Amino acid sequence: MDNRLFGIFFILTLLCYLLWGAIKILAIVVVSIMICFAIYLVVKTILERIYFNSTKFKKLKELLIENTVKCNELNEHLFELKSQFADYHSQDYGSSIYQDKSLYNYNRPLIGLLRNNTKNEHFCSLSVCRNAQNQPFKYLCKYFGVVPDKQTLELFESMFNDFSAAEEGKKILLQERQDILSKYKSYIPFFIRKFKKDLLFNKLGYSDIDISDYHIPKFSFIYISAAGNSSMTCDIVFDCNNLERFITYIDTKVAFSDTKAHQRTLMTKTLREAIKARDNFTCQKCGISILDEPHLLLEIDHIIPISKGGITTYNNLQTLCWCCNRKKGSKLLM
């Protein structure tokens, strides 16, 4: 019996010794990794400061001054295109004060959402929320007061045209930066090109490119149970794909209710590319083309603006570079 106890004690002692040894080894490894990481951060910071204060970087910044200004102006233009519809809503139904005066002590974790609803949120029954999933455009028009008429059609066509241009412009800006990294790689150390691209362009003076989707209008159907313990949502997000489909949906309604011959062209991705091809990918005002500037943002412009009664027809559309289109705004070109 004593031998067995001694054997167990010996094994436990050996296991504790091995475990302690493993813990010490692990601690040494962790500390070593932390020291190496700290050294890496210090060396990286020193190298970054040395480079960004070097003559080579200053020379690169001088070479890219004009490009920086041009890209920042384009970036600002894209922000304007995306932002003008950010607060779009169909109708303002007013506000109210919600109070739960139930005599029962219900656990209602979701009821608080009712107090913070926005103009693009509709709280509804479960059946409406489910039906909105199957027929989103129909229920959007019905419950958000979006009237399927010519004015709505023109508004969403303009939204689609601007969003499409903004998406193209974003790709152009990103490609422009990639080309700079390739063209001027002799001026930029490898670790900067590989791991610090955002910092590099920030130091060069380029503004950040907005790649978020906050500007895209979203309409939400929200169901919350009486007890506030269960919910369902149906979101209709008007990205470029959904905008194009909604334009077709509204056009169908307009054509059905229009007593005159319904002859118009819808603003679609296909139409945008067709107008550019017809105009030889050349700005119809200043004459610049993609042959002159490969990373050129071309936009589709209504010759007679929608705000002045113009509509989307093949003969009322033209290709303009973003600079000329920005200068024109809603003015008529002479």
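Would you give the gap between the C-alpha center of the stretch 269-334 and the C-alpha center of the stretch 24-85, rounded to a whole Å?
Using only Cα atoms to place each centre, the spacing works out to 37 Å.
R0 = 35 Å: FRET efficiency of L26 with E62, Cβ-based, nearest 0.05? Each step should come with its number before you reach the end.
Details: r = 52 Å, r/R0 = 1.48.
Step by step, r from the Cβ atoms, then E = 0.10.
Net charge within 12 Å of G309 by Cβ-Cβ distance, Lys/Arg positive one each and Asp/Glu negative one each, not counting G309 itself?
Numbers: positive: K150, K308; negative: E154.
It works out to a net charge of +1.
At 0.36 nm per residue, minus the direct Cα-Cα distance, what do Q284 and N315 gain on full extension? Give it in nm, one decimal, please. The partial results should precede the final answer.
Details: separation 31, 0.36 × 31 = 11.16 nm, distance 1.32 nm.
Extra length available between Q284 and N315 comes to 9.8 nm.
How much length, in nm to one decimal, is gained on full extension between K183 and L15, taken as 0.36 nm per residue of separation minus their Cα-Cα distance?
Values: separation 168, 0.36 × 168 = 60.48 nm, distance 6.09 nm.
Gain in length upon complete extension: 54.4 nm.
For Q151 and F191 in one chain, what is 0.36 nm times their gap in residues minus the Cα-Cα distance, to one decimal in nm? Spell out each step's value before the answer.
Values: separation 40, 0.36 × 40 = 14.40 nm, distance 5.33 nm.
Working it through step by step, the gained length comes to 9.1 nm.
Arrange the following residues from fewest to most other Cβ atoms within 10 Å of their Cβ: M34, M267. Could the numbers behind the result be given before it?
On the way: M34 10, M267 26.
The fewest-first ordering by Cβ neighbours comes to M34, M267.
Please compute the net charge surrounding T152, taking Lys and Arg as +1 and Asp and Glu as -1 over other residues with Cβ under 12 Å from its Cβ. Let's see the in-between values first.
On the way: positive: K150, K253; negative: D149, E154, E157, D251.
Value of the local net charge: -2.
Read-outs throughout are calculated quantities, based only on the coordinates presented, and are distinct from any laboratory measurement. All figures in this text were calculated on a predicted structure; none of them were measured in a lab. No Cβ is skipped: glycine too gets one built from the backbone with ideal geometry, and neighbour counts run over all protein chains shown.
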